[in-house]
Amino acid sequence: MIDVTVLGGVREYGRNCFLVTDQATNTRIMLDCGVRNGNPEVYPVITEEIAQSMQAVFISHIHNDHIGALPLLAEKGFQGDVWMSETSLQQMQNIIPKWQTTSLDALRFRSFDKHTRGKLITLSENLSFIWGYSGHMLGSVWYSLYINERSIFFSGDIALSSPLLVTDTPAMLSYDVALIDSGHAAQTMPYEKSIHNILSILKDPSESYLIPITISGKACDLLFLLFHALPDRNFVIDHGLMEHLQCYLKNPDNIRKEKINELDALMQSERVTIYEGKKEMGIYLLLDKAAGFHEIKTAVYQDEKSPFYKSHPDRKDLKELVRTIDAKKYIFFHSERNDLNIILDGLRSVNYILDNLIQ
Ligand SMILES: [Zn+2]
Ligand SMILES: [Zn+2]
C-alpha cells in the first residue's frame, strides 16, 4: 500500500512538501520541498530519518514554496536526485547561488529532456513517471508517478487555461491517490472577469498605475492581456520580468503556439519599456513596490468585483480537475484551513485524505 505523508502544504498556503512511501519495495520519494514564505520562513517537517531514506525528489516548479526547503533537505543528509523540467533547471541557476549552505553539493539536480514530455520515464524497477506542463509558470509540470503498481497524480501548482502557457492533459486519468492544487478554489473568478475588473480601475490614461508582481506565469499573463486590451497605453516593466519573457521565447514548447508571434511583438513594442526609476503616465508591473502609484492588488479576492487574478485553480477549475482526474483518494493542497473547509463542503461526494498530516 502506498502511503502519502503531508510534511507541509495542506491547510496552509505554501510549504508544499509531500512524502510518498511504499514499504513493500522500500521506495520513498518526495513531491516538492517548499517553505511557507514570510519572516521567518516556516519549514516542512523534514527529519534525518526522512531525508536519508528517500531516493528522489520531484519538483513541480521553482517558486520558493515548492523548493525553499531543499537546503534543509541537504543538511539533513539527503543524497539522491532532484528531478525537474529542463526549463526549471535553467531558472534554478539564478536561485542556487543565493542559498547559504555548504551541503547543497550533495544534491544531484537532474532534468528530463523536453522530448520525454508525455512519455514514461523509468528510474528503477519500482519507480517510473510521466510529466506534462501545468501552465502555472514557465517550466512548471505535473507528474503521474507509478510506484510498485500504484499510481499517484501530483498537479503541482496548476493553471488550466493560461493565455500564454501550455497545460497538458494527462493521458492516464485514474489513480490511487491524486494531490491537487486547490489554491484559489474557495472562489470563482474566470480570467475574463479579472481583466474586466482590472480594466475598470485602469480608466484614467493620465494616471500611473502599479501592479505589484512576482516572477510567475500570472505576471506574464497580465502584461499580455492588458497590453492587448489597452492599445493606446504604455507599460513599464521590471527588468526581471523582461528577462523572464525572453526565457519564454527560448522555450517555445512551453508556450501556446498561436501566441508566440504576439508575445514577440509585445517585447519589441515601443509601448513596453524597462523601469528605470522614473514615474510617468502608464501601467507599471514591478517586483518591488515604488511610491506614488495608484496600486492594484491582483492577489487579494474580496468579492466578485475585485481585481483578483488567479494563479491556482478556482472553484470551477477544481471541479473540472476532479471530474477529469479520477482517484480513490484526493489530497487538496495550497489552501488555508478555512478555505479548505469551504472547498471540501463544495466537493462533498469526493473521498479525500485529511489524516497523515504532520504539522
Ligand atoms: Zn507557484
Ligand atoms: Zn505554490
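Brief remarks on what is shown
- Antiparallel DSSP beta bridges within the chain, percent to nearest 5: 45
- Where the stretch 191-295 is the region considered: accessible area per residue in Å², 1.4 Å probe: 50
- Estimated [θ] at 222 nm from DSSP helical runs (n ≥ 4, -39500 (n - 2.57)) normalised by residues in the chain, nearest 500: -6500 deg cm²/dmol
- Relative contact order computed over the stretch 97-236 (Cα-Cα under 8 Å; 6+ residues apart), in percent: 17
- A Förster distance of 45 Å, applied to the separation of the beta-carbon atoms of Ser200 and Thr101, puts the FRET efficiency at 0.45.
- Peptide packing: for 43-51, 228-236, the average count of neighbouring Cβ atoms within 10 Å per residue gives the ranking 43-51, 228-236, highest mean first.
- The stretch 191-295 - percent relative contact order, Cα under 8 Å, separation 6 or more: 49
- Among the GluC sites (Glu not before Pro) found in the stretch 216-276, those both in a DSSP coil and sparsely packed, with 15 or fewer other Cβ atoms within 10 Å of their Cβ, are Glu270, Glu276.
- Accessible surface of the chain, 1.4 Å probe: 47 percent of it comes from carbon and sulfur atoms.
- FRET efficiency for Thr25 and Glu48, using Cβ-Cβ distance with R0 set to 35 Å, rounded to 0.05: 0.95
- Asp105, Asp314, Asp288, ranked by accessible area, largest first (probe 1.4 Å): Asp105, Asp288, Asp314
- Spatially, the stretch 136-164 and the stretch 266-343 are offset by 19 Å when compared through their Cα centroids.
- Take every pair of alpha-carbon atoms less than 8 Å apart whose residues are at least six positions apart; their mean separation over the length of the chain yields a relative contact order of 19 percent.
- The stretch 8-52, accessible area per residue, ligands and nucleic acids excluded (1.4 Å, Å²): 41
- Distance violations [Cα-Cα > 18 Å] among Lys203/Lys297; Lys114/Lys218; Lys193/Lys305: Lys114/Lys218
- Of the residues Thr298, Thr122, Thr116, ranked by 1.4 Å probe accessible area with the largest first, the sequence reads Thr122, Thr116, Thr298.
- Considering only the stretch 103-214, percent of DSSP beta bridges that pair antiparallel, nearest 5: 85
- The stretch 187-258 versus the stretch 27-70: alpha-carbon centroid distance in Å: 30
The values are calculated or read from the model by the stated rules, or taken from the named source; none is laboratory data. Source: prediction; values computed, not measured. Note that we place each Cβ from the backbone using ideal geometry, even for glycine, and neighbour counts take in every protein chain shown. Just so you know, the surface numbers come from the protein's heavy atoms only, side chains and all, with ligands and any DNA or RNA stripped out. Shrake-Rupley method; radii C 1.70, N 1.55, O 1.52, S 1.80 Å.
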